[in-house]
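Engineer: My questions will all concern the structure given below.
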Amino acid sequence: MSNKNSQTQAWQALSGEHHLAPFSDYKQLKEKGPRIITKAKGVHLWDSEGNKILDGMAGLWCVAVGYGRDELADVAAKQMRELPYYNLFFQTAHPPALELAKAVSEVAPAGMSHVFFTGSGSEGNDTVLRMVRHYWALKGKPEKKVIISRINGYHGSTVAGASLGGMVGMHEQGDLPIPGIVHIAQPYWFGEGGDLSEAEFGTWAAEQLEKKILELGVDTVAAFIAEPIQGAGGVIIPPETYWPKIKEILAKYDILFVADEVICGFGRTGEWFGSDYYGLEPDLMTIAKGLTSGYIPMGGVIVRDEVAKTLSEGGDFNHGFTYSGHPVAAAVGLENIRILRDEKIIERVREETAPYLQKRLRELNDHPLVGEVRGLGLLGAIELVKDKATRQRYEGMGVGMICRNFCFDNGLIMRAVGDTMIIAPSLVITREEIDELVTKARKCLDLTLQALNG
Ligand SMILES: *Cc1c(COP(=O)(O)O)cnc(C)c1O
């Protein structure tokens, strides 16, 4: 503590005295205090000690266009001066929300040209839950209520979001999930595939959806929700057999498909949406994060035209948020999409930086601690193991956390999900910065291995 500057110490004291942090180990936080991040530019952060850090996570997967874009600050200031707030309730609207709805529908998959705005991804999934049940009620099938989701999926932290998600640690606190939400297995071959090949396991995991639909009765099932690639669960990229089989099952039964695109959306896979990458045809898509590059909170639900038509014939939808389509957030979202389009950022990800990152990242496969490197687009995961061949872990050692701390101390932010290290850098990361990321990652793997052996 004492070798930190006095300003850092003062801020860390405020944390203990006044702040209850999200997703933090409170005991650990009290002992060590938080790292204080004070500024950012491009893909780099600076902390209050003056350390420069490569942000391998784009904040929380959100800073698509990189830090320090004046255009986004400028449109926000302009909008604040012109119309800082008005709501979209009770037959009013304002230009930024309407223009953003149009821009979003232009980049969304064909046939999905309606948007409901929220303040976050969690609120987006709350909206999904209410919207799909309302939809089925309007269709004269009010008994279609159950939503099928996946173990270790992440759909946010509100009561509905955490219930839709399949995070055991979240369910344990607060008596979740709420009724009407059931979970099936995730397509996580490395962790759970056992002796099956990846292809066999992908098919097995997809078949769990059909099994669950039949068990519950299709007349009771409203929707299936899934991330195209599970992000917070550990960048879980389904085996190639998974999505085709799921699509086949969804085509057979009359239920809605919700793609949670909060991470995959807005370019992360090298396509506008993860659904574009996998050729999924969702009925609803949850969005947030990359929508505004995280510069200001905003989320939403993109809705297929057939679903929107039913809703539009249904009278009142008794749902909405004070900040739904907030004009300043909408102005930022609009400018963010303009930047992504005009600078061809997603094309560059697809053609140049994603292939380069994936190639460089896989070089880490030769490291003794690494059981698997996987990735797609600008998403990556590194599995830390004791034994490569058997995929055996270092039980109870907290290896991921050890590695994450070495990363922090060596100027790199990588996140640990158990013993899986994950990355999701900004979409504007350059080749040179990818080199920096991989070099630092290898160094931190070395330090972790040394710590384990020492
Ligand atoms: C982050 C996330 C959410 C929740 O978004 P918030 O804005 O934190 O509420 C939902 N779904 C996925 C896939 C996410 O990654």
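The values are calculated or read from the model by the stated rules, or taken from the named source; none is laboratory data. None of these values were measured; they are calculated from a predicted model. Don't worry about glycine lacking a Cβ; one is built from the backbone with ideal geometry, like all the others, and counts go over all protein chains shown.
Engineer: Of the numbered conditions (1) more than 15 Å from the ligand (Cβ to nearest atom); (2) surrounded by 24 or more Cβ atoms within 10 Å (Cβ to Cβ); (3) within 16 Å of the chain's Cα centre (by Cα), Thr292 fails exactly one; give the number of that condition.
Structural biologist: Evaluating Thr292 over (1) more than 15 Å from the ligand (Cβ to nearest atom); (2) surrounded by 24 or more Cβ atoms within 10 Å (Cβ to Cβ); (3) within 16 Å of the chain's Cα centre (by Cα) leaves (1) as the failure.
Engineer: May I pose another question? Just for segment 414-430: of the residues that are part of a loop (DSSP other than H, G, I, E, B) and among the hydroxyl-bearing types (Ser, Thr, Tyr), which one is surrounded by the most Cβ atoms within 10 Å (Cβ to Cβ)?
Structural biologist: Filtering segment 414-430 for residues part of a loop (DSSP other than H, G, I, E, B) gives 414, 418-419, 424-430.
The next check asks that each one be among the hydroxyl-bearing types (Ser, Thr, Tyr); those that pass are 426, 430.
Values: Ser426: 27, Thr430: 14.
The selected residue is Ser426.
Engineer: Only one residue in Leu364, Leu340, Leu291 is under 24 Å from Leu83 (Cβ atoms) and touching a residue at least 24 places away in the same chain (Cβ under 8 Å). Which one? Walk me through how you get there before you give the answer.
Structural biologist: Values: Leu364 fails: under 24 Å from Leu83 (Cβ atoms); Leu340 fails: under 24 Å from Leu83 (Cβ atoms).
Exactly one of Leu364, Leu340, Leu291 is under 24 Å from Leu83 (Cβ atoms) and touching a residue at least 24 places away in the same chain (Cβ under 8 Å), namely Leu291.
Here is a yes/no grid of residues against (1) within 23 Å of the chain's Cα centre (by Cα); (2) polar (S, T, N, Q); (3) not assigned by the TED database to the domain that holds Ile53:
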{"position": "His367", "(1), (2), (3)": "no, no, no"}
{"position": "Cys407", "(1), (2), (3)": "yes, no, no"}
{"position": "Thr430", "(1), (2), (3)": "yes, yes, no"}
{"position": "Ala441", "(1), (2), (3)": "yes, no, no"}
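Engineer: Kindly evaluate Ala40 against the criterion of being without any contact (Cβ under 8 Å) to a residue 40 or more places away in the chain, under 26 Å from Tyr154 (Cβ atoms) and within 16 Å of the ligand (Cβ to nearest atom). Can you show your working first?
Structural biologist: Values: without any contact (Cβ under 8 Å) to a residue 40 or more places away in the chain: yes; under 26 Å from Tyr154 (Cβ atoms): yes; within 16 Å of the ligand (Cβ to nearest atom): no.
In short, no.
Engineer: Any residue at all in segment 4-17 that is touching a residue at least 40 places away in the same chain (Cβ under 8 Å) and under 30 Å from Pro327 (Cβ atoms)? Break it down stepwise before answering.
Structural biologist: First, the residues of segment 4-17 that are touching a residue at least 40 places away in the same chain (Cβ under 8 Å): 4-5, 7-8.
Filter once more, so that each one left must be under 30 Å from Pro327 (Cβ atoms): none.
Among the residues of segment 4-17, not one is touching a residue at least 40 places away in the same chain (Cβ under 8 Å) and under 30 Å from Pro327 (Cβ atoms), which makes the answer no.
Engineer: While we're looking at this one, here's another question. Going residue by residue through segment 401-413, is there one that turns out to be touching a helix residue (DSSP H, G or I) at 6+ places or on another chain (Cβ under 7 Å) and under 24 Å from Gly267 (Cβ atoms)?
Structural biologist: Yes, because at least one residue in segment 401-413 is touching a helix residue (DSSP H, G or I) at 6+ places or on another chain (Cβ under 7 Å) and under 24 Å from Gly267 (Cβ atoms).
Engineer: Among the listed residues Glu106, Glu99, identify the single one that is under 28 Å from Asp316 (Cα atoms) and touching a residue at least 24 places away in the same chain (Cβ under 8 Å).
Structural biologist: Numbers: Glu106 fails: touching a residue at least 24 places away in the same chain (Cβ under 8 Å).
Glu99 is the lone residue from the list that is under 28 Å from Asp316 (Cα atoms) and touching a residue at least 24 places away in the same chain (Cβ under 8 Å).
Engineer: On to the next question. Considering each of Val146, Val115, Val104 in turn, give the residue that is under 16 Å from Asn336 (Cα atoms) and touching a helix residue (DSSP H, G or I) at 6+ places or on another chain (Cβ under 8 Å). Break it down into steps so the answer makes sense when it comes.
Structural biologist: Working: Val146 fails: under 16 Å from Asn336 (Cα atoms); Val115 fails: under 16 Å from Asn336 (Cα atoms).
Only one candidate qualifies: Val104.
Engineer: For Val43, are the conditions met, namely being at pLDDT 95 or above, under 23 Å from Ser426 (Cβ atoms), in the same structural domain as Met170 (by the TED database) and of a type outside the set (Asp, Glu)?
Structural biologist: Values: at pLDDT 95 or above: yes; under 23 Å from Ser426 (Cβ atoms): yes; in the same structural domain as Met170 (by the TED database): no; of a type outside the set (Asp, Glu): yes.
So Val43 does not fit the description; no.
Engineer: Using the structure shown, decide if Lys52 is more than 16 Å from the ligand (Cβ to nearest atom), outside the structural domain of Gly299 (by the TED database) and touching a residue at least 24 places away in the same chain (Cβ under 8 Å). Talk me through it step by step, then tell me what you get.
Structural biologist: Details: more than 16 Å from the ligand (Cβ to nearest atom): yes; outside the structural domain of Gly299 (by the TED database): yes; touching a residue at least 24 places away in the same chain (Cβ under 8 Å): yes.
So Lys52 passes the test.
Engineer: Ok, one more. Looking at segment 144-166, I want the residues that are assigned by the TED database to the domain that holds Pro179 and have a partner that is assigned to a helix (DSSP H, G or I) and more than 11 Å from the ligand (Cβ to nearest atom) with Cβ atoms under 6 Å, at least 6 apart or on another chain. Which pairs are those?
Structural biologist: Lys144/Trp136; Lys145/Arg133; Val146/Leu216; Val146/Thr220; Ile148/Lys212; Ala160/Leu129; Ala162/Met170
Engineer: So, in segment 19-66, how many residues would count as being aromatic (Phe, Trp, Tyr) and over 13 Å from Ile413 (Cβ atoms)? If you could, list the steps in order and put the result at the bottom.
Structural biologist: Initial filter on segment 19-66 (aromatic (Phe, Trp, Tyr)): 23, 26, 46, 61.
Narrowing the set further to residues that are over 13 Å from Ile413 (Cβ atoms) leaves 23, 26.
Final tally of qualifying residues: 2.
Engineer: Can you pull out the residues in segment 10-37 that are surrounded by fewer than 14 Cβ atoms within 10 Å (Cβ to Cβ), under 24 Å from Lys52 (Cβ atoms) and not charged (D, E, K, R)?
Structural biologist: Restricting attention to segment 10-37, the residues satisfying the condition of being surrounded by fewer than 14 Cβ atoms within 10 Å (Cβ to Cβ) are 10, 13-14, 16-28, 30-32.
Imposing the further condition that a residue be under 24 Å from Lys52 (Cβ atoms) reduces the set to 10, 14, 21, 24, 32.
Residues satisfying the conditions are Ala10, Leu14, Ala21, Ser24.
Engineer: Applying the selection to segment 250-284, what residues are closer than 21 Å to Leu216 by Cβ and more than 10 Å from the ligand (Cβ to nearest atom)?
Structural biologist: If the condition is that a residue be closer than 21 Å to Leu216 by Cβ and more than 10 Å from the ligand (Cβ to nearest atom), then Leu250, Ala251, Lys252, Tyr253, Asp254, Ile255, Leu256, Phe257, Val258, Pro282, Asp283, Leu284 are the ones that fit.
Engineer: Of everything in segment 59-89 that's within 16 Å of the ligand (Cβ to nearest atom) and over 16 Å from Ile339 (Cβ atoms), which residue is surrounded by the fewest Cβ atoms within 10 Å (Cβ to Cβ)?
Structural biologist: Filtering segment 59-89 for residues within 16 Å of the ligand (Cβ to nearest atom) gives 59-64.
Adding the requirement that they be over 16 Å from Ile339 (Cβ atoms) leaves 59-61.
Details: Gly59: 19, Leu60: 14, Trp61: 25.
The qualifying residue surrounded by the fewest Cβ atoms within 10 Å (Cβ to Cβ) is Leu60.
Engineer: How do the pairs read when you match residues in segment 244-268 that are over 24 Å from Gln358 (Cβ atoms) with residues anywhere that are within 16 Å of the ligand (Cβ to nearest atom) and assigned to a loop (DSSP other than H, G, I, E, B), using Cβ under 8 Å and keeping only pairs 6 or more apart or on different chains?
Structural biologist: Here the result reads Lys247/Leu280; Phe257/Leu280; Phe257/Pro282; Val258/Pro282, each pair linking segment 244-268 to a residue that is within 16 Å of the ligand (Cβ to nearest atom) and assigned to a loop (DSSP other than H, G, I, E, B).
Engineer: Among the residues of segment 90-115, which ones are within 18 Å of Ser324 (Cβ to Cβ), surrounded by fewer than 17 Cβ atoms within 10 Å (Cβ to Cβ) and of a type outside the set (Asp, Glu)?
Structural biologist: Within segment 90-115, Phe90, Gln91, Thr92, Ala93, Pro95, Leu98, Lys102 meet the criteria.
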